[in-house]
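Every number in this text was worked out from the coordinates using simple rules, so none of it is lab data. In this text, all values refer to a predicted model and were calculated from it rather than measured experimentally. Cβ sites come from the backbone with ideal geometry, for glycine too, and all protein chains shown count toward neighbours.
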Amino acid sequence: MSDYDVIIIGSGPGGYVSAIRCAQLGLKTACVEGRETLGGTCLNVGCIPSKALLHASHMLHEAEHNFAEMGLKGKSPSVDWSQMQKYKQSTVDTNTKGIEFLFKKNKVDWIKGWATIPEAGKVKVGDEVHSAKNIIIASGSEPAPLKGVEIDEKVIVTSTGALTLGKVPKKMVVIGAGVIGLELGSVYARLGAEVTVVEFLDHITPGMDSEVSRQFQKMLVKQGLTFVMGAAVQSAEAAKSEAKVTYKLRSDDSEHTLDADAVLLSTGRRPYIDGLGLDALGIAMTDRGQIQVNDKWQTSVEGIYAIGDVIEGPMLAHKAEDEGMAAAEQIAGHHGHVNYSVIPGVIYTHPEVANVGETEETLKAAGRAYKVGKFSFMGNARAKANFAGDGFVKLLADKETDRILGCHIIGPAAGDLIHEVCVAMEFGASAQDLAMTCHAHPTYSEAVREAALACGDGPIHM
Ligand code: FAD
Ligand code: NAI
């Protein structure tokens, strides 16, 4: 048994970042992790392995579609799936080991095993009970099940199984046109699978600016993905290496089936709280099964905090990290703060899709007067040179004050470009502030500046 100032349960981006910050602030800190490796969903079976496969499959796409035009001749590379899996795993290993190094460097103790909280101030791992003045629950999330869909992680898989399929499937059905379905669906489409995405709603990526969402779907169709929209999946059943997916069209209730050799269920994730003992502790939960917290990430039980996917808000690694740092600051008696209105979201397909702040839909619903500054990557010299002219930047600003309210980008490096808008929003900048900032030429970020110019007297290159 050891005494700590803080014990954090879970070493995902919420937990490990919080642990490092707690230690930096002089608190005696331990982090409990049940997996064999640190880093949580994100590093082991989420952000990192999926981005490795997205990168590798995008390189193949470039070789197949753009190399010859640039004068790069020769046979296109073929897919060595087991080597691609090794590359993905080595990326994961480097990152998870990196967290181990950071724990040692910052003197964070890694307690190996699954934690329970027998009472406030105590954390039990195996037979050992540790005491902690403060406990932070950062136990993350797991794939949400869907009635009628039996997961075997071989043929009918969640994102975890989809990262390690035995081979590239010939036909893949993706249930749900959200972030996971579109990222992993586009990986397999680029690797040669015939991918059909079945979505309950009549549009993809719910919550996204609808103009971007429509453009995104058109681009994915051009890349070979097929969409069945307005379809409620009834069942998915596997027999040996084949699967059958049955869905009903919501428009006429007609029933249809699709055959596939892999089915990916990606209809959302839910908080993971198994085995923590929250019921016995009497920790208040939201009606969506998340741990309820106040604006200091305190739960209803004194001395117990919660952060990341296990609480309300977007299930994103960087949101979990920010909460992890802020909760650590609170525990150390400082001011911890997260600006939830400036949390970017990125989909790492090609092109990337990124957003921050309000959409046109949310502004209309709030009755707020706004203006739109839009600029196509077709007017951006760098994008044209790099075969990346598809897409646009759309900046939303208050009609009267010109203050930036949101930004939506579909195009090259969107996930990096969005951050200059995030910084601008943090500083309460106007579109004119962005427009008057010198941007290097030739860069993709000139498109952001042009969108800002479009909020005023007009862009130059359009
Ligand atoms: P997690 O990362 O889920 O970590 C929780 C950890 O707690 C786990 O390791 C678990 O083993 C451990 N744990 C749980 N209970 C206990 C216990 N009782 N005792 C000990 N340990 C316990 N987000 C992005 O921002 N960008 C992306 O590109 C992105 N890509 C993704 C791709 C996929 C395929 C998936 C599935 C998710 C992706 N996400 C992405 C979401 C991101 O992974 C999560 O938002 C993030 O990991 C949440 O962090 P967390 O710290 O709250 O929890
Ligand atoms: P999601 O919430 O993004 O999308 C789920 C989709 O499934 C929605 O379009 C929904 O309408 C649809 N759906 C729901 N029920 C259905 C049904 N019965 N039949 C057909 N479609 C149905 O969930 P997803 O993709 O599983 O991702 C989970 C979380 O992981 C997300 O919240 C996201 O934040 C996070 N993530 C983030 C990534 C990133 O930041 N790049 C990458 C991958 C995951």
Taking max minus min of the Cα coordinates of the range 178-323 on each principal axis, largest first, gives extents in Å of 52, 36, 33
Once amide hydrogens are built 1.01 Å from N within the peptide plane, the residues lying 5 or more places from I343 or on another chain with amide H under 5 Å from its amide H are G357
Among trypsin sites (Lys or Arg not before Pro) in the range 224-283, those in a DSSP loop whose Cβ has at most 16 other Cβ atoms within 10 Å are K240, R250
The answer for R269, listing residues at least 5 apart or on another chain whose modeled amide H is closer than 5 Å to its amide H, is A144
Counting only DSSP loop positions in the range 1-86, the trypsin sites (Lys or Arg not before Pro) whose Cβ has at most 13 other Cβ atoms within 10 Å are K73, K75
Short to long, in 5 Å steps from zero, the percent of alpha-carbon pairs of the range 321-456 per bin is 2, 11, 19, 21, 18, 12, 9, 5, 2, 1, 0
Counting only residues 5 or more apart in sequence or on a different chain, those whose built amide H sits under 5 Å from that of V149 are A236
Rg/Rh of the chain (Cα atoms, Kirkwood Rh), to two decimals, equals 0.98
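What 222 nm value per residue comes from the helices of the chain, counting each DSSP H run with n ≥ 4 as -39,500 (n - 2.57) and dividing by all residues, nearest 500 deg cm²/dmol?
Values: 14 runs with 149 residues, N = 462.
My calculation for the chain gives -9500 deg cm²/dmol from helical runs alone.
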Of the candidates I156, M208, V233, the farthest towards the positive dipole end of the range 156-267 (Lys/Arg Cβ +1, Asp/Glu Cβ -1, centred on the Cα centre) is I156
For the chain, whose charge dipole is built from +1 on Lys and Arg Cβ atoms and -1 on Asp and Glu Cβ atoms, the candidate among V197, V356, Q292 with its Cα farthest towards the positive end is V197
In whole Hz, the Karplus estimates of ³J(HN,Hα) for the range 338-352 (6.51, -1.76, 1.60; θ = phi - 60°; x where Gly or Pro) are 10, 8, 5, 7, 10, 10, x, x, 9, 10, 8, 7, 10, x, 6
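Would you mind checking K73/K170; K28/K88; K167/K319; K97/K124; K364/K384 for any pair whose Cα atoms are more than 31 angstrom apart?
K28/K88; K167/K319; K364/K384
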Note: C438 to H55 extended length (0.36 nm per residue) minus current alpha-carbon separation gives 134.8 nm
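Across the chain, where is the longest run that never hits GluC sites (Glu not before Pro) in a DSSP loop with at most 15 other C-beta atoms within 10 Å? Spell out each step's value before the answer.
Values: sites that count: E36, E119, E150, E153, E302, E312, E400.
Between exposed loop sites, the widest span is 154-301.
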Karplus-derived 3J(HN,Hα) from phi for the range 223-235 (6.51 cos²θ - 1.76 cosθ + 1.60, θ = phi - 60°), whole Hz, x at Gly and Pro, runs 7, x, 7, 10, 10, 10, 9, x, 10, 9, 6, 9, 7
With label points set 7 Å from each Cα along the Cα-to-Cβ direction at D93 and H256, the distance between them in nm comes to 4.4 nm
For the chain, the dipole about the Cα centre with charges only on Cβ (Lys and Arg +1, Asp and Glu -1), to the nearest 20 debye, works out at 880 debye
Cα-based Rg then Dmax for the range 390-462, in Å, read 11.1, 32
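For the range 156-267, what proportion of DSSP beta bridges, expressed in % and rounded to the nearest 5, is antiparallel? Walk me through the numbers before you get to the answer.
Details: 14 of 28 bridges.
The antiparallel proportion sits near 50 percent.
So, counting K/R as plus one and D/E as minus one, what does the shell of residues with Cβ under 14 Å around V168 add up to? Could you put the intermediate results ahead of the total?
Numbers: positive: K88, K167, K170, K171, R190; negative: D80, E194, D261.
Net charge around V168: +2.
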Looking only at aspartates and glutamates whose Cα falls under 19 Å of K248's and that sit 8 or more positions away or on another chain, we get E150, E199, D202, E237, D259
Going residue by residue through the range 288-297, the Karplus relation 6.51 cos²θ - 1.76 cosθ + 1.60 with θ = phi - 60° gives ³J(HN,Hα) values, rounded to whole Hz and with x marking Gly or Pro, of 9, x, 9, 6, 7, 10, 8, 6, 10, 6
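Given R₀ = 41 Å, FRET efficiency for S82-A385 by Cβ-Cβ distance, to 0.05? It would help to have the intermediate numbers written out before the result.
On the way: r = 35 Å, r/R0 = 0.86.
Calculated value: 0.70.
Grab the beta carbon distance between H461 and H335, set R0 = 35 Å, and tell me the FRET efficiency rounded to 0.05. Walk me through the numbers before you get to the answer.
Details: r = 43 Å, r/R0 = 1.24.
My answer for the efficiency is 0.20.
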